[in-house]
Amino acid sequence: MKQRSRSRSCLGANMLEFSAVFAVLVVVVLLPLVDLCAVPIRAFFASTAVKETIHTLALSSKFSQAQASLSGGSLLQPRLNAITGVSLRSANLALVANSSGGSSTFSGPGSVTEDWLPDGKNGPYHYKLLLTCDMEISPLFLIGAGSEIPGFSAPFRTTISDSYAWENLSKDPATGQFFLNE
């Protein structure tokens with residue numbers, strides 16, 4: 001048998017080292033960066049869904065109709081379902097009245113006192129609907145870190161609020177009540 005006296009060639013060694021370093025780069029650096037980018041992008045889309053929903057609710061004829069539309073789940077929930085990784089924990093709709101003398105928040109129809117109605121003594125008032133949503137935004141994939149780190153190994157909890165002007169300041173001819181208080 002012949003023995004080879006030549007030493008081994010180093011031609012393929014760089015490829016092996018590069019593949020090991022590349023695997024570490026992907027697992028340790030790139031995957032967490034992509035995971036970090038997913039949460040703000042999903043939060044942006046959720047914020048846009050809340051903004052579109054409050055605009056649609058402000059076009060309602062009555063405050064009670066706006067609350068029924070929100071609690072029925074036909075407006076906000078389908079928009080959030082289209083965004084994977086976002087879940088709605090709770091949604092609260094309120095009517096806020098502002099004037100030069102201060103502001104007041106009303107949570108339900110019929111709760112606006114006579115002083116805060118459009119023909120009240122401290123007017124003029126500016127009314128707006130305020131939608132506050134508590135949400136959980138999940139990262140793209142969960143990284144097992146041992147402890148729960150929001151955005152890495154657990155969903156990130158956030159509150160998104162938006163408001164839109166309520167412009168229907170007229171009275172219902174049948175009841176004589178303001179639409180914002182019905």
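So, with +1 on the Cβ of K and R and -1 on the Cβ of D and E, and no other charges, what is the size of the charge dipole of the chain about its Cα centre, to the nearest 20 debye?
Working: 13 positive and 13 negative charges, 279 e Å.
Dipole size: approximately 1340 debye.
Below 8 Å between Cα atoms, with a sequence gap of 6+, how large is the relative contact order for the chain in percent?
Working: 262 pairs, mean separation 43.2, N = 182.
So the answer I get is 24 percent.
Return the carbon/sulfur percentage of the accessible area of the chain, one whole number, probe 1.4 Å, all protein chains in place. Please list the in-between numbers first.
Details: 6680 of 11510 Å².
Roughly 58 percent, rounded to a whole number.
Ranked highest first by the average count of other Cβ atoms within 10 Å around their residues, in what order do 24-36, 122-134 fall?
So the order, starting with the most tightly packed, is 122-134, 24-36.
Rolling a 1.4 Å sphere over the protein heavy atoms, what is the accessible area per residue of the chain, to the nearest Å²? Show your work: numbers first, answer last.
Working: 11510 Å² over 182 residues.
Roughly 63 Å² per residue, with all protein chains present.
Taking Cα atoms of segment 102-154, Rg/Rh with Kirkwood Rh, to two decimals? Present the calculation step by step, with values, prior to reporting the outcome.
Working: Rg = 21.4 Å, Rh = 15.2 Å.
Across segment 102-154, the Cα-based Rg/Rh ratio is 1.41.
So for the chain, taking the charge dipole from beta-carbon charges (+1 Lys/Arg, -1 Asp/Glu), which of N14, A43, T132 sits furthest toward the positive end?
Result: N14.
Only helices at least 30 Å long along their own axis, judged from Cα atoms, and with Kyte-Doolittle mean hydropathy of 1.0 or greater: name those in the chain from DSSP H. It would help to have the intermediate numbers written out before the result.
Values: long enough: 31-58 (41 Å, 1.04).
Long hydrophobic helices here: 31-58.
Name the residues of segment 114-131 whose amide N is less than 20 Å from a point 7 angstrom out from the Cα of S161 along the C-beta direction?
126-131
Which of [x] 53, 38, 26; [y] 111, 32, 26; [z] 75, 44, 32 is the computed Cα extents along the principal axes in Å for the structure on display?
Given [x] 53, 38, 26; [y] 111, 32, 26; [z] 75, 44, 32, the structure-derived one carries the label [y].
Positive end of the dipole of the chain, charges at C-beta (+1 Lys, Arg; -1 Asp, Glu), about the Cα centre: which of A165, V26, G73 has its Cα farthest in that direction?
V26
At A68 and N14, where each label point lies 7 Å from the Cα along Cα→Cβ, what is the point-to-point distance in nanometres?
According to this spin-label approximation, the distance is 7.4 nm.
Could you tell me which GluC sites (Glu not before Pro) in segment 75-173 are loop residues by DSSP with no more than 13 other beta carbons within 10 angstrom of their beta carbon? Could you put the intermediate results ahead of the total?
Working: sites: E114, E136, E148, E167; in loops: E148, E167.
Here the sparse-neighbourhood loop sites are E148, E167.
Using label points projected 7 Å from each Cα along Cα→Cβ, tell me how many nm separate V29 and S47, to one decimal.
Going from the V29 label point to the S47 one covers 2.9 nm.
The values are calculated or read from the model by the stated rules, or taken from the named source; none is laboratory data. It should be emphasised that the depicted structure is a prediction, and the values quoted were computed from it without experimental measurement. Cβ sites come from the backbone with ideal geometry, for glycine too, and all protein chains shown count toward neighbours. Remember, those area values only see protein heavy atoms, side chains included, never the ligands or the DNA or RNA. Shrake-Rupley method; radii C 1.70, N 1.55, O 1.52, S 1.80 Å.
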